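Heads up: the structure comes next, in structure tokens.
The values are calculated or read from the model by the stated rules, or taken from the named source; none is laboratory data. Keep in mind the model is a prediction, meaning the values are calculated, not measured. We place every Cβ from the backbone using ideal geometry, glycine too, and count neighbours over all the protein chains shown. With ligands, DNA and RNA removed, areas are computed over all heavy atoms of the protein, side chains included. Shrake-Rupley method; radii C 1.70, N 1.55, O 1.52, S 1.80 Å.
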Amino acid sequence: MKTTYSTIILRYMHDVVTGEFVNIGVVLYAPAQRFLDARFTTSYERLNAAFLKIDHLHFRALMRYMANRFEELGGEARDGLIPPAGLSELVKQVLPPDDSSLQWSQPGGGFTDDPAKTLADLYKRFVERYVAGAEQVHRTDEEIAKPFKAKLGKTAEKLSSKRIETEDYQYEFRFGWQNSVWHLYEPVSFDLLDPNSIREKAVRWHGRSAALQEAPEKFKIHFLLGEPRQPGTHEAFQNALHLLAKMPGQKELIREGEIEALAEHVAEEIASHASEEKEAILKDKPKDS
């Protein structure tokens, strides 16, 4: 049964006076189905081409923040915790209107019997189709991360983004925590439509890993792998796995069916580490005379 939905596009507006903009995200709300979700690009190449150099680390961090906030609101919508309000009011909770470069469009809408598919279609239409060389994505990295964060529960709050830097390169990982080394958890979706894009994504990660090996901090990357579901992509995914296995440095490749078990293990490790730290503090604390 079709129900109404409303949608708003997030735009990067480099100069408010000229009104030039680039679409960078889409939000969709179908209140009757308790559905609220969003998709945002982390690709900054088009912004660089249109508006000169963009701080890509800041841009990616900002897009991840937006995705996380709408994931939280989406959970509230599913639980029926969002009071009656239009989408224009809901998006203001995440990004209030101001004179910054990020601006919301006027709302649009229509009818749908599958809000998730409609959101994916709108994202392809308004965002992805304009990005030169964009990966044609079936599921995004953010979608691969969702079961990991959901299984962690409140423990997810103890994870933070972590930037690894060398003299020539730097990269900010989505989730990390530290004991003797930094444990970095990075969702990587290989659920792409083009087999060549699957291989190329693995090649980029191979090069990125090599570029980070000179970093002064010790780290281990745990890759949360989203597996392709499209016909004709199995061989390309096997190629990607072989490439990732050859990456330098400490790493762990987590297949999609193992992600929730990993989350349980991470939660236990973090709790154990916190307990050990507490015991060490109490042991070193001087006794009252």
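Quick look at the numbers
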quantity	calculated
14 Å beta-carbon shell around H273, net charge (K/R +1, D/E -1)	-3
Pair-distance profile P(r), taking every C-alpha pair of the stretch 215-274, with 5 angstrom steps and integer %	4, 15, 19, 21, 18, 12, 7, 4, 1, 0
Whole-percent carbon and sulfur share, accessible surface of the chain, 1.4 Å	50 percent
Farthest positive-ward along the chain dipole, Cα basis, beta-carbon charges - from G249, F175, V188	V188
Principal axis dimensions, largest first and in whole angstrom, of the stretch 62-192 by Cα	51, 38, 35
Net charge contributed by nearby residues that have their C-beta within less than 15 Å of P231 (K/R +1, D/E -1)	-3
Lys, Arg +1 and Asp, Glu -1 on Cβ, resulting dipole of the chain about Cα centre, debye, nearest 20	240 debye
Whole-number accessible area per residue in Å² for the chain, which is evaluated in the context of all protein chains at 1.4 Å	55 Å²
GNM result for the chain, Cα springs below 10 Å: residue of K162, K117, K220 fluctuating most strongly	K117
Ranking by accessible area, most exposed first, for F21, F126, F237, F111 with a 1.4 Å probe	F111, F21, F126, F237
Within the chain, percent of DSSP bridges classed antiparallel, to nearest 5	70 percent
Charge dipole (the stretch 68-158, unit charges on Cβ, about Cα centre) - positive-most of T118, P83, A145	A145
Per-residue ³J(HN,Hα) for the stretch 91-97, Karplus 6.51 cos²θ - 1.76 cosθ + 1.60, θ = phi - 60°, Hz, x for Gly and Pro	5, 5, 5, 8, 9, x, x
Principal semi-axes in Å for the stretch 155-260 [√(5λ), Cα gyration tensor, largest first]	25, 17, 11
Cubic angstrom per residue, convex hull over Cα atoms of the chain	183 Å³
For the stretch 35-41, 3J(HN,Hα) per residue [Karplus equation, 6.51 cos²θ - 1.76 cosθ + 1.60, θ = phi - 60°, Hz, x = Gly/Pro]	10, 9, 8, 8, 10, 10, 7
Pairs beyond 30 Å (Cα-Cα), from K92/K278; K149/K246; K149/K220	K92/K278
3J(HN,Hα) from dihedral phi, the stretch 59-68, Karplus parametrisation 6.51/-1.76/1.60, rounded to Hz, x for glycine, proline	4, 5, 5, 5, 5, 5, 4, 4, 4, 5
